[in-house]
Amino acid sequence: MENKTSSKPHVVLLASIGMGHLIPILELGKRLSTHHNLDVTIFVVASQSSAAESQILHSAMTENLCEIVELPPVNISGLVSHDAALFTQICAIMRAIKPALRSAISGLSFRPAALIVDLFGSEAMMVADEFEMPKYVYFPSNAWLLALTIYIPTLDKVVQGEYVDQKEPLKIPGCKAVRPEDVVDPMVDRTKQQYLEYVGMGMGIPKCDGILLNIWEDLQPKTLEALRDDQELLGQLCKVPVYPVGPLTRQLKPLDSRSGELFPWLDKQPSESVIYVSFGSGGTLSLEQMVELAWGLELSQQRFIWVVRSPTRKTGNGSYFTAGSGEANSMASYFPEGFLDRIREVGLVIEDWAPQVEILSHPSVGGFISHCGWNSTLEAISNGVPIIAWPLYAEQRMNATLLTEELGVAVRPNILASEGVVGSKEIEMMIRTITVDKEATHIRNRVKNLKYSATKSLSEGGSSHNALSIVAKKLELRWKTMEVNAS
């Protein structure tokens with residue numbers, strides 16, 4: 001590594017594998033570059049098999065706001081079993097990538113002012129220590145999940161037996177308790193490797209110099225207060241500053257880049273009349289559930305856009321590593337007979353992938369059936385769109401609870417989608433609740449208030465803008481010290 005003189009601080013970001021982790025890091029990098037005058041290099045662990053991910057990377061490279069470097073792929077077949085949980089696989093990949101990251105940082109022509117990793121990259125912080133640079137964790141989710149993650153090493157010591165078998169919710173100091181059925185996937189079975197990985201993550205994250213969160217101050221003030229209270233609450237475990245810097249979401253593409261029938265169709269629909277249905281880059285449904293969802297949409301008599309993937313045997317995360325790389329099966333076989341003909345005037349069915357931010361920002365869209373991944377959640381809130389919460393995996397059950405019970409911007413089925421099939425009648429009822437029933441107005445008002453609050457936080461002088469400015473100023477001070485020492 002050369003101590004090459006540069007005109008401003010240069011930070012290095014590491015993105016974990018998967019669209020849900022890549023997008024927040026890219027958006028953070030762009031924000032640091034465009035709003036806080038930093039040079040940014042992003043190291044990416046690409047999946048090699050996701051067409052949608054390749055498209056997002058290509059788009060980011062052409063924007064030329066950050067330097068993007070793909071690290072060479074790693075083979076983890078000898079490190080984890082072929083049927084290891086998704087969480088375990090990601091942890092193994094990010095552990096195996098450390099030598100490549102070390103080598104890549106050594107090969108830079110400048111000395112980075114800091115390393116910023118996401119939650120799966122927390123073990124890479126030791127690489128930052130080797131180069132004697134500050135390290136930050138960008139936790140691209142909400143404060144409640146951060147609280148649980150930091151508290152899990154304590155729960156590991158005090159809770160006997162499986163978390164899912166507990167009779168009472170799991171208490172977290174100063175925060176909303178977590179119901180046993182809402183725990184994150186790694187906590188479902190304490191005998192599995194992914195649980196040990198999660199406990200290790202909870203121990204590792206507070207070893208950084210600061211935590212950036214993809215929320216804003218007004219979204220979860222009580223939970224943020226608990227994370228900062230080092231006298232009685234979670235601040236004793238967190239120990240480092242927490243900076244809410246969100247909502248950082250994908251930016252709209254220019255209007256002239258929109259092709260096909262989708263947007264001309266949307267332009268013809270009444271305001272807030274269309275339900276958008278998508279289960280994220282990794283979410284998949286069983287065939288039985290897809291049939292019920294089709295009937296529910298049809299029964300609701302509401303207009304809709306549905307992003308459809310090949311069904312899997314079980315609802316879950318079946319396309320996590322292959323998003324946007326759909327197989328050429330006949331879509332008609334996924335639905336009740338005649339469905340595509342009957343909905344021709346009121347619905348659009350799109351295979352595999354759609355421009356979600358552009359759809360959610362369209363004035364004709366009035367509801368979102370979502371898996372509740374945090375990126376999708378923020379994209380909905382930032383556009384004032386009510387949600388039907390349909391959690392599938394990871395931390396999505398907690399997100400759904402936050403959206404329905406604390407923020408009041410969503411409704412959810414009585415049964416967890418991962419535990420059984422949500423029936424067509426219930427789907428119809430939920431759609432009507434957020435579109436035409438009396439409750440719809442209240443939900444819509446709440447989500448529009450949050451949209452306003454989110455926009456304000458990112459504007460000059462807003463809480464999120466100021467929080468990221470504090471981090472940028474710290475890095476600038478560090479860089480100036482490095483420049484003096486190098487001269």
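Tabulated results
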| read-out | value |
| --- | --- |
| Residues (aliphatic (A, V, I, L, M) and modelled with pLDDT under 95) located in the stretch 1-21 | MET1, ILE17, MET19 |
| Selection status of ALA454, within 25 Å of the chain's Cα centre (by Cα) and more than 19 Å from VAL409 (Cβ to Cβ) | no |
| Failed item in (1) under 28 Å from GLU27 (Cα atoms); (2) out of contact with any Cys (no Cβ under 6 Å at 6 or more places or on another chain); (3) outside any strand (DSSP E or B), with TYR138 passing the rest | (3) |
| Residue ID - nearest to LEU285 (Cα to Cα), chosen from residues in the stretch 343-363 that are assigned to a loop (DSSP other than H, G, I, E, B) and not charged (D, E, K, R) | TRP353 |
| All positions within the stretch 398-410 that are in contact with a helix residue (DSSP H, G or I) (Cβ under 9 Å, 6 or more places away or on another chain) and surrounded by fewer than 24 Cβ atoms within 10 Å (Cβ to Cβ) | MET398, THR401, GLU406, LEU407, GLY408 |
| Helices (runs of 4 or more DSSP H) contained entirely in the stretch 368-455, each with at least 1 residues that are farther than 28 Å from ILE23 by Cα and polar (S, T, N, Q) | 424-435 |
| Residue match in the stretch 151-167 (condition: among the hydrophobic types (A, V, I, L, M, F, W, C) and within 17 Å of the chain's Cα centre (by Cα)) | no |
| Residues located in the stretch 420-429, provided they are of a type outside the set (A, V, I, L, M) and free of Cβ contacts under 8 Å to residues at least 60 places away in the same chain | GLY420 |
| Test: residue in the stretch 148-157 that is open to solvent by 10 Å² or more (accessible area, probe 1.4 Å) and out of contact with any Leu (no Cβ under 9 Å at 6 or more places or on another chain) | yes |
| Residues of the stretch 272-304 classified as over 25 Å from the mean Cα position of the chain (by Cα) and among the aromatic types (Phe, Trp, Tyr), total | 1 |
| Matching residues in the stretch 371-395 - criterion: being buried (at least 24 other Cβ atoms within 10 Å of the Cβ), within 16 Å of the chain's Cα centre (by Cα) and farther than 20 Å from LEU86 by Cα | THR377, LEU378, ALA380, ILE381, ILE387, ALA389 |
| Tabulated pairs, the stretch 465-484, first under 22 Å from GLU217 (Cα atoms), second polar (S, T, N, Q), C-beta under 8 angstrom, 6+ apart or interchain | HIS465/SER457; HIS465/SER459; ALA472/ASN37 |
| For PRO336: the one exception among (1) surrounded by 22 or more Cβ atoms within 10 Å (Cβ to Cβ); (2) part of a loop (DSSP other than H, G, I, E, B); (3) at pLDDT 95 or above | (1) |
| Residue in the stretch 256-271 that is modelled with pLDDT under 95, within 26 Å of the chain's Cα centre (by Cα) and within 14 Å of HIS362 (Cβ to Cβ) present | yes |
| Qualifying residue in the stretch 432-448 (condition: touching a strand residue (DSSP E or B) at 6+ places or on another chain (Cβ under 7 Å), open to solvent by less than 20 Å² (accessible area, probe 1.4 Å), at pLDDT 95 or above and on the phi < 0 side of the Ramachandran plot) | yes |
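Conditions (1) at pLDDT below 90; (2) of a type outside the set (Gly, Ala, Ser); (3) within 21 Å of the chain's Cα centre (by Cα), marked per residue:
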{"site": "GLN89", "(1), (2), (3)": "no, yes, yes"}
{"site": "ALA104", "(1), (2), (3)": "no, no, no"}
{"site": "LEU108", "(1), (2), (3)": "no, yes, no"}
{"site": "ARG111", "(1), (2), (3)": "no, yes, no"}
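Each row is one residue, and each column tells you yes or no for (1) part of a loop (DSSP other than H, G, I, E, B); (2) loosely packed, with under 14 Cβ neighbours inside 10 Å; (3) among the aliphatic types (A, V, I, L, M); (4) touching a helix residue (DSSP H, G or I) at 6+ places or on another chain (Cβ under 9 Å).
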{"position": "VAL240", "(1), (2), (3), (4)": "yes, no, yes, yes"}
{"position": "TYR243", "(1), (2), (3), (4)": "no, no, no, yes"}
{"position": "GLY246", "(1), (2), (3), (4)": "yes, no, no, yes"}
{"position": "GLN251", "(1), (2), (3), (4)": "yes, yes, no, yes"}
{"position": "GLY260", "(1), (2), (3), (4)": "yes, yes, no, no"}
{"position": "LEU266", "(1), (2), (3), (4)": "no, no, yes, yes"}
{"position": "PRO270", "(1), (2), (3), (4)": "yes, yes, no, no"}
{"position": "ILE275", "(1), (2), (3), (4)": "no, no, yes, yes"}
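The values are calculated or read from the model by the stated rules, or taken from the named source; none is laboratory data. A quick note: this is a predicted structure, and the numbers were derived from the prediction, not measured. Cβ atoms come from the backbone with ideal geometry, glycine included; neighbour counts cover every protein chain shown. Note: areas computed on protein heavy atoms with side chains; ligands, DNA, RNA excluded. Shrake-Rupley method; radii C 1.70, N 1.55, O 1.52, S 1.80 Å.
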